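Notes for the one structure printed next.
A short reminder: the numbers here are calculations on the coordinates, not readings from a lab. Owing to the predicted nature of the structure, the values given are computational and were not obtained by experimental measurement. In this analysis, Cβ positions are derived from the backbone assuming ideal geometry, glycine residues included, and neighbour counts consider all displayed protein chains.
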Amino acid sequence: MSERKTEDETLQSTVADHQSRQPQELGPNSVIGRRLKAYYDDVASEPVPDRFLLLLDALDQAESGSSSDRG
């Protein structure tokens, strides 16, 4: 519980510091937005696992096989 409180205090102080340095362009949500974007960028830059690539290849083959059966 104290860990959560520390995270909240850190976020609040970050927001307060940001607000005191710059005019409120986007308000306190801009700090949260930047952190979410950084997190998303980290996740998006990770390589796709081989298992997913194999599943996508199998799906492509199944779809191409079913479309040729129709024609």
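Using the count of nearby Cβ atoms within 10 Å as a rough guide to exposure, how do ARG51, ARG34 rank from fewest to most? Please report the intermediate quantities before stating the final value.
Numbers: ARG51 8, ARG34 13.
Least to most surrounded, the residues fall as ARG51, ARG34.
To the nearest 0.05, how large is the calculated FRET efficiency for SER64 and VAL43 if R₀ is 35 Å and r is the Cβ-Cβ distance? Don't jump to the answer; show the numbers that get you there.
Working: r = 30 Å, r/R0 = 0.86.
The value I calculate is 0.70.
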